[in-house]
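The values are calculated or read from the model by the stated rules, or taken from the named source; none is laboratory data. Everything numeric here is computed off the predicted structure, so don't read it as measured data. As a convention, Cβ positions derive from the backbone with ideal geometry for all residues, glycine included, and neighbour counts pool all protein chains shown. In case anyone asks, the SASA skips ligands and DNA or RNA and just uses the protein heavy atoms, side chains included. Shrake-Rupley method; radii C 1.70, N 1.55, O 1.52, S 1.80 Å.
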Amino acid sequence: MAEKSTIARPYAQAAFDLAQQQGKLKEWSEMLQWLAAVAADDAAMDLVGNPEVSQDAKIKLFTDVCADKINDYGKSMLKVLAENKRLTVLPEIAQQFEEQRAEAEKTVEAEVTTPYPLSDEQQQAMIAALKNRLGREVTLVNKTDESLIGGAIIRAGDLVIDASVTGQLERLTNTLMH
């Protein structure tokens, strides 16, 4: 959905600029995550897509569900999005905001998938190695997938490292077959 991404970009940029001016990146991040969660709900999107439902009713849906999780700036943003029929791009706005926030804060979330949970020592070693390679603070999320047999798959931003036994076997098979 490159189109939604393109549509979301100026809204995400405006939200990021305002949040940075206010020194409230974390608060904006949380607010946008709440709004994106509502926008990702099928029932909510049925209502948003219904031309017979007023813009005020659509905004009320978001403000009622999010209640005290959004501030006046968030409500203003909702109004602008509703007026421009852009409420459906809230998930993309939130995602782009998070990318800009990570860049500004020099942080990255890395996902490591292993066949078993990593020990604290292994997690710390992984964080140190990724921090050294990426030059950023790293938050590690450990997922398990027993089908990997051994090794790990690491995803951090655009970086993907497949050091799993399964991945190595697949590469070997491809090499032998060609």
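Spacing of the modelled spin labels on LYS26 and ASP42, each 7 Å from Cα toward Cβ, amounts to 3.6 nm. Among the listed pairs LYS79/LYS131; LYS60/LYS106; LYS60/LYS143; LYS26/LYS58; LYS26/LYS79, those with a Cα-Cα distance over 31 Å are LYS79/LYS131; LYS60/LYS106; LYS60/LYS143. Just the Cα atoms of the chain, one point each, no solvent: what log10 I(q)/I(0) does Debye give at q = 0.19 Å⁻¹? Once normalised to I(0) and log-transformed, intensities are -1.13. Computed in the context of the full set of protein chains, the accessible area of region 49-126 at 1.4 Å probe radius has 49% of its extent on carbon or sulfur.
Estimated from helical segments only, the mean residue ellipticity of the chain at 222 nm is -20000 deg cm²/dmol, where each DSSP H run of four or more residues counts as -39500 (n - 2.57). Solvent exposure of the chain amounts to 61 Å² per residue of accessible area, where only protein heavy atoms count and the probe is 1.4 Å.
Using 0.36 nm per residue and subtracting the Cα-Cα separation, the extra length available between GLU3 and ASP158 on full extension is 53.8 nm. For the Cα atoms of the chain, what angle does the longest principal axis make with the long axis of helix 72-83, in degrees from 0 to 90, nearest 10? Once rounded, one gets 80 degrees. Taking 0.36 nm per residue of sequence separation and removing the Cα-Cα distance, the ALA125/ASP64 pair yields an extension gain of 17.6 nm.
The label-point distance for ASN174 and ASP56, in a model that sets each label 7 Å from Cα toward Cβ, rounds to 5.8 nm.
P(r) for region 123-169, from all Cα pairs and a bin width of 10 Å, is 25, 52, 22, 1 %, short bins first. Each label point was placed 7 Å from the Cα along the Cα-to-Cβ direction; for LYS75 and GLU146 their separation is 5.1 nm.
Computed about its Cα centre, the charge dipole of region 51-170 is approximately 380 debye, with only Lys, Arg, Asp and Glu carrying charge at their Cβ. Considering only ALA39, ALA12, ALA125, the Gaussian network model of the chain with Cα springs below 10 Å gives its largest mean-square fluctuation to ALA125.
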